[in-house]
Structure formats: C-alpha cells, structure tokens
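Structure first, then comments.
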Amino acid sequence: MNRLSLVAVAAAVFALPALPAAAQSNEITIGISISTTGPAAALGVPERNALDFVPKEIAGVPLKVIVLDDGGDPTNATTNARRFVTESKADVILGSSTTPPTIAVSNVASEAGIPHLALAPFPLTPERAKWSVVLPQPVPIMGKVIYEHMKAHNVKTVGYIGYSDSYGDLWFNDFKKQAEPMALTLVDEERFARPDTSVAGQVLKLVAANPDAVLVGASGTAAALPQTSLRDRGYKGLIYQTHGAASMDFIRIAGPAAEGVIMASGPVMNPEGQADSALTKKPGLALDTAYEAKYGPNTRSQFAGHSYDAFEVLKRVIPVALKTAKPGTPEFREAIRQAFMSEHEIAATQGVYNWTEKDRSGLDDRSRILLTVKNGKYVPAM
C-alpha cells in the first residue's frame with residue numbers, strides 16, 4: 001500500500017545497541033528529525049509542510065516516512081536518530097533543521113552506517129562525511145556572493161553578530177577566511193543565543209564601532225532580532241543576512257526594518273526569475289506553486305526546499321540502489337551511499353548536486369542568488 005506516515009513522538013534517551021540481523025522489507029523507511037517546535041520552528045515547520053508534496057513511492061516501492069520533532073535540541077535529535085536505527089530500521093535519515101542537532105543526527109548515522117541527508121549546513125569530520133551529504137548551500141558558496149556584493153558597494157569595514165554556536169562559528173570563520181583577503185576588515189564581533197529575546201548590548205557595541213556593513217550569522221525568525229535592533233538604534237549601513245534567514249517569516253517579524261536587507265538565498269525563493277534553461281527552475285516552480293496553493297500566497301521558504309529536495313535526490317538514487325539490494329538491509333544502505341556519488345547533475349529546487357567522496361555539498365554557483373526586500377517583498381538584489 002502506498003502511504004506517507006507522519007508521526008510525532010516524544011522519546012527517552014537510550015544507548016545505541018548493535019543493529020539487529022538484516023531483514024528485507026517491502027517498503028523504504030525514511031526517518032526525519034526536524035525542529036517543528038522551539039526557536040527553530042520557523043525552519044522545521046516548512047520542512048514538514050513540504051512533505052505534503054513528495055512522492056509516496058519511488059520505483060514502485062512504498063515509502064514509510066516517520067517524522068519526529070527534536071525542538072532544535074541536539075539531545076532530542078540524538079534520541080530520534082537512535083529510534084530510527086533501533087525501532088524503525090530506517091534506510092535513510094534526514095535532519096535536522098539547524099546545525100547543532102544536525103551534527104547529532106550525523107553522528108548516529110555514522111555509527112549505524114545509514115545514509116544521512118542533512119537539512120542544515122554543518123562541519124563535517126571524515127567519519128561524518130562517509131555517510132552524510134549536505135543539502136543546504138555550504139557557507140563558503142553563499143559567503144562569497146555576499147562579500148563580492150560588499151566590495152561592489154564600497155564596503156570596507158564589517159561588524160559581525162551571530163549565534164553563539166556552530167552556525168555562528170561557520171560564518172565567522174568563513175568571513176576570516178574569504179572576506180579578510182578581499183580587504184574587508186572586521187571591526188567588531190558579537191554573539192547571541194538562539195532563544196535570546198534581546199541583543200541590545202551587542203547592537204550598542206556594533207553601532208559604536210560604526211562599520212560600513214553588518215553581517216548577521218543567524219537563522220529562522222531569530223535572525224530578525226539583530227535586524228530590527230540595529231535599525232531601532234539608528235544604524236544606517238547595509239545589513240547582510242545568510243540563507244538561514246531566507247523565508248517570508250523574516251519579513252513578517254522584522255517588518256519595516258527588513259527593507260533594504262541583502263540576503264543570500266537559494267533559487268527556490270525566486271524560480272520565476274530564472275532562465276528557462278536553469279535546472280532549478282522546474283522543481284522550484286513545482287514546489288512553490290503547490291506550497292502556496294495550500295499554505296497561502298507568499299509562504300514559500302528556503303527550508304521547504306531542503307526537505308523537498310531530499311526526495312528529489314532519493315528519486316534519483318533509490319532506483320540505482322534497488323538494482324543491487326533490497327530495502328531493510330545494510331547492502332541497500334551502502335548502495336544508496338554509493339549512488340549519492342555515482343549520480344550526477346541531480347536537479348532540485350536549491351541547486352544541482354554532484355557529490356563526491358571529498359565534496360559532500362556537491363553544489364556550485366547555480367545554488368545561490370541575492371535578494372533584497374522592497375515594499376515588503378523579496379526582489380533580486382542589485
């Protein structure tokens with residue numbers, strides 16, 4: 001029977017036992033840990049919503065999709081991933097919505113030998129890289145287009161405010177690596193926690209440093225907090241946001257302060273503006289049309305694209321894996337892992353994937369655009 005099961009379960013932490021003896025299955029089990037509650041819900045909810053539009057079967061084999069909420073907490077994400085391994089016998093794991101819980105999911109996938117599609121950028125160790133591929137655009141690709149825009153607009157000094165976690169570190173380290181050699185000078189670095197409700201102290205320091213531009217290394221609706229605080233304190237310079245903030249919720253939360261923001265984004269946020277030859281245009285239009293028909297105008301989301309794209313990838317790799325192994329077996333999981341790299345030019349809403357053993361993001365410049373907000377709407381940035 002074709003079915004798409006969406007299950008939300010709270011789980012207790014327990015140790016990861018050895019995998020049971022392999023048993024073939026007549027369905028492919030996909031475990032998904034995302035953040036549908038908590039500070040990252042603005043990311044996890046559209047990721048969950050996009051599952052309305054993914055296939056219920058691939059190559060004639062039914063998909064059993066199990067969705068667990070991790071609330072953005074790495075401990076919960078670890079528990080969810082372990083349940084996928086021990087109880088669900090998952091063939092594939094997706095998740096999570098933000099960087100810290102994604103690291104946790106990847107660790108479990110690596111231990112268990114299960115293919116993992118990450119829905120957030122995260123630092124890859126050699127162990128994680130064997131079983132994980134990353135769907136969101138890597139920070140260096142998105143950072144480069146931001147720094148190039150800064151240079152083109154005579155920015156010389158930059159202030160940074162980002163999360164006090166691994167996502168904030170990714171962007172801070174990338175600025176040091178890419179932007180400083182481009183003669184962009186960092187004059188102040190500030191951090192804040194994801195649940196924080198005020199960044200007044202950090203913003204006062206940024207305003208006092210008077211940089212030409214500010215880069216915000218945050219995601220979801222929390223990215224709007226520095227945006228509004230900077231404008232409330234009278235900061236007039238350019239404000240740059242990462243692709244972690246690319247959603248309509250950012251405009252809703254930031255309100256008038258969102259006007260003029262420069263935001264890196266995946267092409268799913270504006271497929272209508274792409275050339276007909278762009279491989280990302282067709283899947284982007286398909287998702288955005290279906291999503292906005294169900295959830296309302298202007299509800300498209302960068303994050304919906306990530307979970308939707310996971311299934312665009314699986315539509316390519318699962319038929320290849322089925323040629324050599326059956327679902328529910330280690331051989332099938334290994335065949336999927338190998339197919340991640342043997343399949344090329346996998347077109348999706350957010351980019352065209354060409355993974356290798358060394359490149360686990362598999363993306364190029366086709367995966368990025370720059371947006372700004374004008375009159376409450378996203379438009380291409382100049």
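The values are calculated or read from the model by the stated rules, or taken from the named source; none is laboratory data. In this text the structure is predicted, and so the values were computed from the model without any measurement. Cβ placement follows ideal geometry from the backbone for every residue including glycine, while neighbour counts extend to all protein chains displayed.
A few points about this structure:
- Residue in the range 268-275 that is among the polar types (S, T, N, Q), modelled with pLDDT under 95 and over 20 Å from the mean Cα position of the chain (by Cα) present: yes
- Matching residues, the range 339-358, being in a loop (DSSP other than H, G, I, E, B) and farther than 18 Å from Ala275 by Cα: Glu343, His344, Asn354, Trp355, Thr356, Glu357, Lys358
- Within the range 235-252, tally of residues that are touching a residue at least 60 places away in the same chain (Cβ under 8 Å) and within 15 Å of the chain's Cα centre (by Cα): 5
- Identity of the residue in the range 291-320, in a helix (DSSP H, G or I) and of a type in the set (D, E, K, R), that ends up surrounded by the fewest Cβ atoms within 10 Å (Cβ to Cβ): Lys294
- Only one of the numbered conditions (1) farther than 21 Å from Asp249 by Cβ; (2) at pLDDT below 95 is not met by Arg300, and that is (1).
- Residues that are assigned to a helix (DSSP H, G or I), of a type in the set (A, V, I, L, M, F, W, C) and at pLDDT 95 or above, drawn from the range 215-249: Ala223, Ala224, Leu225, Leu230
- Scope the range 141-169; condition within 25 Å of Gln350 (Cα to Cα) and of a type in the set (S, T, N, Q); matching residues: Ser166
- Subset of the range 297-318 (residues that are without any contact (Cβ under 8 Å) to a residue 12 or more places away in the chain and in contact with a Leu (Cβ under 8 Å, 6 or more places away or on another chain)): none
- Qualifying residue in the range 143-162 (condition: modelled with pLDDT of 95 or more, of a type in the set (Phe, Trp, Tyr) and within 24 Å of Ala224 (Cα to Cα)): yes
- Cβ-Cβ contacts under 8 Å between residues 6 or more apart (or on different chains), taken from a first residue in the range 114-137 that is more than 22 Å from Thr242 (Cβ to Cβ) and outside the structural domain of Ile32 (by TED's automatic domain parsing) to a second residue that is small (Gly, Ala, Ser) and surrounded by fewer than 21 Cβ atoms within 10 Å (Cβ to Cβ), are absent.
- Residue, surrounded by the fewest Cβ atoms within 10 Å (Cβ to Cβ), within the range 351-375, restricted to residues that are in contact with a Lys or Arg (Cβ under 9 Å, 6 or more places away or on another chain) and farther than 16 Å from Pro115 by Cβ: Asp365
- Thr102 falls short of the stated requirement of being among the hydroxyl-bearing types (Ser, Thr, Tyr), under 29 Å from Pro181 (Cβ atoms), in contact (Cβ under 8 Å) with a residue 60 or more places away in the chain and crowded, with 24+ Cβ neighbours inside 10 Å.
- Of note, Thr75 satisfies the criterion of being hydroxyl-bearing (Ser, Thr, Tyr), part of a helix (DSSP H, G or I) and more than 20 Å from Val133 (Cβ to Cβ).
- Of Gly273, Gly266, Gly255, all but one fail to be in contact (Cβ under 8 Å) with a residue 40 or more places away in the chain, under 16 Å from Val379 (Cα atoms), small (Gly, Ala, Ser) and surrounded by fewer than 22 Cβ atoms within 10 Å (Cβ to Cβ); the exception is Gly273.
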